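Just so it is clear, none of the values below were taken in a lab; they were calculated from the coordinates. Since we're looking at a predicted model, the values are computed, not measured. When we count neighbours, we look across all protein chains shown, and the Cβ atoms used for this are built from the backbone with ideal geometry, even at glycine.
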Amino acid sequence: MTTAQNIEMTFYQNLGKLFYAIAASDRVVRESEYKSLRKIVKSEWLKLDEVEDEFGADAAYQIEIVFDWLDYQELDAQEAYDQFEAYYNDHKTHFTTKIKELVWSTCNVIAGAFSGKNKSELMMLGRLKLIFEK
């Protein structure tokens, strides 16, 4: 795997952490949140680039893989969010305006997938908005 591929893989893996954190912020990841994530990965994230993992799959699928793994491991949503935020702060140049808009849109779709946005999701979205504005 080339350095560029490794960077892209890490980027998508950290997005998976963020999206998991949004879905798990209320301590339950619901099927509708999974479905929303899968739909937006296929409709939006796969279009971004041509980077593939070592198995020939589009690197954007790392979003779903990490999301699923964290749910299986029942990682605390706050810990997943903190890991994403640390990655973001160290790699701000990867987050163009277009990427930030797509991240924001994806988070909102996930948060609204089950009975609208709840307080814990709104708080995490607020934190995300603040770090994106810095």
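Listed values, structure above:
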read-out: Computed label-point distance, nm, for sites Ser105 and Thr93 using a 7 Å Cα→Cβ extension; value: 2.6
read-out: 5 angstrom amide H check on Glu52, placed H, neighbours 5+ away; value: Ala59
read-out: Loop-resident sites, the range 1-108, for GluC sites (Glu not before Pro), counting at most 11 other Cβ within 10 Å (DSSP); value: Glu50, Glu54, Glu74
read-out: Residue-by-residue Karplus 3J(HN,Hα) for the range 16-24, coefficients 6.51, -1.76, 1.60, Hz, glycine and proline x; value: x, 5, 4, 5, 4, 4, 5, 5, 8
read-out: Residues Thr106, Thr96, sorted so that the one with the fewest Cβ neighbours within 10 Å comes first; value: Thr96, Thr106
read-out: Mean ellipticity per residue at 222 nm, deg cm²/dmol - from DSSP H runs of n ≥ 4 across the chain, formula -39500 (n - 2.57); value: -22500 deg cm²/dmol
read-out: Centre separation in Å (Cα based) which lies between the range 99-123 and the range 12-30; value: 10
read-out: Rounded to 10°, Cα long-axis angle of helix 62-73 versus longest principal axis of the chain; value: 50
read-out: Point-charge dipole on Cβ atoms (K/R +1, D/E -1) for the chain, about Cα centre, debye to 20; value: 700
read-out: Largest to smallest principal axis extent of the C-alpha atoms in the chain, angstrom; value: 41, 32, 26
read-out: At most 11 other Cβ within 10 Å, DSSP loop - trypsin sites (Lys or Arg not before Pro), the range 1-65; value: Arg27
read-out: Helix 31-43 vs. the chain, principal-axis angle (Cα, 0 to 90°, nearest 10); value: 30
read-out: Listed residue pairs exceeding 18 Å between alpha carbons, taken from Lys100/Lys134; Lys42/Lys92; Lys98/Lys129; Lys42/Lys129; Lys42/Lys117; Lys42/Lys119; value: Lys42/Lys92; Lys42/Lys129; Lys42/Lys117; Lys42/Lys119
